[in-house]
1. For a distance above 21 Å, tell me the whole-number percent of Cα pairs in region 131-282 that qualify.
2. Taking the radius of gyration and the Kirkwood hydrodynamic radius from Cα positions alone, what is the Rg/Rh ratio for region 24-104, to two decimal places?
3. Just 280, 233, 143 to compare: in a GNM of the chain, with alpha carbon springs under 10 Å, which one fluctuates most?
4. Working out 0.36 nm times the residue gap between residue 202 and residue 23, then minus their Cα-Cα distance, what length gain in nm do you get to one decimal?
5. Quick one: order 286, 191 by neighbouring beta-carbon count within 10 Å, fewest to most.
6. Report the relative contact order of region 153-257, percent, no decimals, based on alpha-carbon pairs under 8 angstrom and at least 6 residues apart.
7. Can you grab the distance from the C-alpha centre of region 221-263 to the C-alpha centre of region 306-334, Å, no decimals?
8. Quick check: pseudo-label points 7 Å beyond the Cα along Cα→Cβ at residue 114 and residue 58, how many nm apart are they?
Ligand SMILES: NC(=O)c1ccc[n+]([C@@H]2O[C@H](COP(=O)([O-])OP(=O)(O)OC[C@H]3O[C@@H](n4cnc5c(N)ncnc54)[C@H](OP(=O)(O)O)[C@@H]3O)[C@@H](O)[C@H]2O)c1
């Protein structure tokens with residue numbers, strides 16, 4: 001009997017997530033019933049939002065139930081199908097969770113989508129041509145809406161979302177400036193991804209120092225800021241925003257372990273007449289086809305570069321996830337399952 005290794009949420013973290021919050025179990029691989037599709041996952045996506053789902057707290061999404069398979073995006077191959085829309089061998093993207101196989105209702109809207117891997121690698125459908133790419137596209141084009149010549153800053157710039165934000169901004173004729181942790185990530189952001197500058201925020205641990213670095217990297221001020229982190233970085237960027245600047249609130253990973261991260265100087269919103277807007281990409285599905293078309297074309301033609309951190313085997317998922325929350329990933333964090 002073929003077994004399906006699965007990782008369940010065993011307990012809820014207090015503060016940082018630990019490996020003890022997860023449990024590995026083995027269950028038999030199920031047979032598809034009428035209308036169902038059995039998918040073997042090739043890659044599992046690890047994403048910061050999963051940390052929020054581990055809490056039993058009010059949020060924009062329901063908490064992950066205890067003792068259930070951790071939620072997560074997956075790409076893989078159909079191994080058996082009893083749904084007319086799918087056949088064995090189809091490459092698919094879905095929300096299969098932290099497990100090797102998933103059984104999916106082939107007719108359920110948005111649960112499983114066939115993808116073309118002729119010019120785009122399968123794993124990219126979890127990164128630049130998937131949810132993180134769509135997130136970057138939405139926040140940049142719909143909230144920041146930059147004009148050519150403007151300066152766009154993004155935090156967590158070497159990551160799955162941030163790397164796309166800067167490259168899309170460059171493609172629109174903007175000056176793109178990143179913030180990332182450490183010289184290797186910053187070098188990559190400038191030399192490989194083509195940003196104009198990247199600030200190693202770890203080398204600027206106080207507001208004065210970070211602001212000085214931002215002044216050097218953004219001589220004409222900042223028109224758009226794509227926020228992934230929060231805290232000191234946000235406070236420094238706010239001081240450098242131009243009048244009528246736009247800030248897309250995408251994530252605040254510095255606070256995901258539950259420590260509140262206050263904003264030092266909200267009066268700047270008024271003084272600089274800023275627009276601040278938070279968003280959740282899954283609430284804008286109507287724009288995904290447009291976003292994924294642009295991103296897919298850019299990846300297929302080599303105009304959008306990306307990097308992946310790949311953990312091997314489902315049993316490595318908890319440690320890789322904890323590493324993602326501490327910045328140990330370099331690019332999109334994946335788990336290879338096959
Ligand atoms: N709103 C939405 O719909 C939506 C959708 C997807 C993602 N997001 C958000 O987008 C952000 C980026 O996600 P991603 O998938 O692209 O992850 P990622 O950037 O690939 O990985 C997370 C990165 O965050 C940085 N980081 C972690 N802790 C930090 C801290 N305390 N201070 C500064 N930086 C820290 C680390 O990079 P460094 O080493 O450079 O610090 C780490 O590599 C997250 O906040 C995520 O929650 C939001």
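Every read-out reported here was derived from the displayed coordinates using simple, explicitly stated rules and does not represent laboratory data. Predicted model, so just to flag it, every value in this text is computed and none were measured. Note that we place each Cβ from the backbone using ideal geometry, even for glycine, and neighbour counts take in every protein chain shown.
1. 36
2. The Rg/Rh ratio comes out at 1.02.
3. Of 280, 233, 143, the Gaussian network model singles out 280 as fluctuating most.
4. 61.1 nm
5. So the residues, fewest neighbours to most, are 286, 191.
6. 23
7. With region 221-263 and region 306-334 each reduced to a Cα centre, they are spaced 24 Å.
8. Calculated label separation equals 4.5 nm.
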